[in-house]
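Structure first, commentary second.
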Amino acid sequence: MTPELMAAENISFSYETSRVLKDLSVSIQKQDFIGMIGPNGSGKSTLIKILGGILKADSGLIQFKGTPLSKINKKLFAQSVSWIPQDHPMVFPFKVSEIVMMGRHPYLSPLSFGSEEDFDITRCAMETTMTYQFADRYFNEISGGEKQRVMIASAMAQNPELMLLDEPTSALDLKYQVQILNILKYLNTNHNMTLVMAMHDLNLASQFCNRLILLSEGGIVRDGTPEKVLEKDILEQVYGIDIDLSIRDGHIMVHPVIRN
Ligand code: ADP
Ligand code: MG
């Protein structure tokens, strides 16, 4: 059996008065590539933030490698788990290479500018994500797809065991969506990275992920292989539209039925 990396048990969370996550439990195994799917507002971003320690659950227990988040060494957690938010507001004009180097932050000692090893790791992350060629450009002045690759490079430089990504492909055209997913697949396969990624495109999720978690109204309604999760009845219920399914190259494809 694959070892468990992270476990959330009976998690609940509210923003002020509205309860957004309701007694939710999930276990993430090492080297999972999880697509977290579900309608807008179903709680994907909130759950990802809770797993990443950005938000704290109101109740329930979250453990990373068997240690509750409340007891885990902060520096170790920062080295082990990275979170890539959906938007990257960048107020200050940082260069691409500087942003990737920020991924090394959990490893740097105070006042250190980074060792040769840090620079080597940063360079490798930029090469893997095809961002090295514009390392000296300013983050504000590159395209959406390039920005997303830079954020992944920065997360990769952190060398985490678990990468949490919030809709990494949502603002990108089809070519760049596939490019990002191929990079993530490479990290999953070749760097043993465990990935949890919120996304809307069910067909890409079906093709790239080994496991899907379907959220609806703050709860998990299905969790398993794409074949198990992408079922007509449950998708119609959760998304509130008619759906047809097909199979292509062994993967389930989801088609909304358009009625005129
Ligand atoms: P998803 O990522 O699946 O679209 P979210 O986790 O962003 O869902 O949101 C879940 C619910 O929580 C939604 O009803 C949303 O309006 C609400 N919500 C999200 N962020 C906040 C916030 N900062 N303050 C209040 N409500 C929020
Ligand atoms: Mg979201």
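Just a few scattered comments:
Yes/no per residue for (1) open to solvent by less than 50 Å² (accessible area, probe 1.4 Å); (2) assigned to a helix (DSSP H, G or I); (3) among the hydrophobic types (A, V, I, L, M, F, W, C):
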| residue | (1), (2), (3) |
| --- | --- |
| Ala57 | yes, no, yes |
| Leu76 | no, yes, yes |
| Gln79 | yes, yes, no |
| Gln86 | no, no, no |
| Phe92 | no, no, yes |
| Met101 | yes, yes, yes |
| Asp120 | no, yes, no |
| Arg123 | no, yes, no |
| Met130 | no, no, yes |
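- Only residues that are more than 15 Å from Glu161 (Cβ to Cβ), more than 13 Å from ligand 2 (Cβ to nearest atom) and open to solvent by 10 Å² or more (accessible area, probe 1.4 Å) were counted across the stretch 28-48, and they come to 0.
- Test: residue in the stretch 83-105 that is closer than 28 Å to His200 by Cα, touching a strand residue (DSSP E or B) at 6+ places or on another chain (Cβ under 8 Å) and among the aliphatic types (A, V, I, L, M): yes
- Taken as a whole, the structure leaves Asn188 outside the set of residues that are open to solvent by less than 70 Å² (accessible area, probe 1.4 Å), more than 16 Å from ligand 1 (Cβ to nearest atom), part of a helix (DSSP H, G or I) and out of contact with any Leu (no Cβ under 8 Å at 6 or more places or on another chain).
- Within the stretch 13-25, the presence of a residue that is closer than 23 Å to Asn188 by Cα, open to solvent by less than 50 Å² (accessible area, probe 1.4 Å) and within 16 Å of ligand 1 (Cβ to nearest atom) is excluded.
- Selection status of Val20, touching a Gly at 6+ places or on another chain (Cβ under 9 Å), of a type outside the set (D, E, K, R), within 29 Å of Ala171 (Cα to Cα) and within 16 Å of ligand 2 (Cβ to nearest atom): yes
- Of the residues making up the stretch 248-260, those that are touching a strand residue (DSSP E or B) at 6+ places or on another chain (Cβ under 7 Å) and open to solvent by 50 Å² or more (accessible area, probe 1.4 Å) are His255, Pro256.
- Test: residue in the stretch 148-166 that is in contact with a Cys (Cβ under 7 Å, 6 or more places away or on another chain) and more than 15 Å from ligand 1 (Cβ to nearest atom): no
- Gln133 fulfils the conditions (1) among the polar types (S, T, N, Q); (2) under 20 Å from the mean Cα position of the chain (by Cα); (3) within 24 Å of Asp173 (Cα to Cα) except for a single criterion, (2).
Conditions tested, residue by residue: (1) at pLDDT 95 or above; (2) within 16 Å of ligand 2 (Cβ to nearest atom); (3) under 27 Å from Ser27 (Cβ atoms).
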{"site": "Leu55", "(1), (2), (3)": "yes, yes, yes"}
{"site": "Gly60", "(1), (2), (3)": "yes, no, yes"}
{"site": "Phe64", "(1), (2), (3)": "yes, no, yes"}
{"site": "Lys75", "(1), (2), (3)": "no, no, yes"}
{"site": "Val81", "(1), (2), (3)": "yes, no, yes"}
{"site": "His88", "(1), (2), (3)": "no, yes, no"}
{"site": "Pro93", "(1), (2), (3)": "no, no, no"}
{"site": "His105", "(1), (2), (3)": "no, no, no"}
{"site": "Ser109", "(1), (2), (3)": "no, no, no"}
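- Test: residue in the stretch 41-56 that is in contact (Cβ under 8 Å) with a residue 24 or more places away in the chain and touching a Ser or Thr at 6+ places or on another chain (Cβ under 6 Å): yes
The values are calculated or read from the model by the stated rules, or taken from the named source; none is laboratory data. Just so we're clear, the structure is a prediction, and the values are computed from it rather than from any experiment. Because the Cβ atoms are built from the backbone with ideal geometry, glycine has one as well, and the counts that use them run over all protein chains shown. In case anyone asks, the SASA skips ligands and DNA or RNA and just uses the protein heavy atoms, side chains included. Shrake-Rupley method; radii C 1.70, N 1.55, O 1.52, S 1.80 Å.
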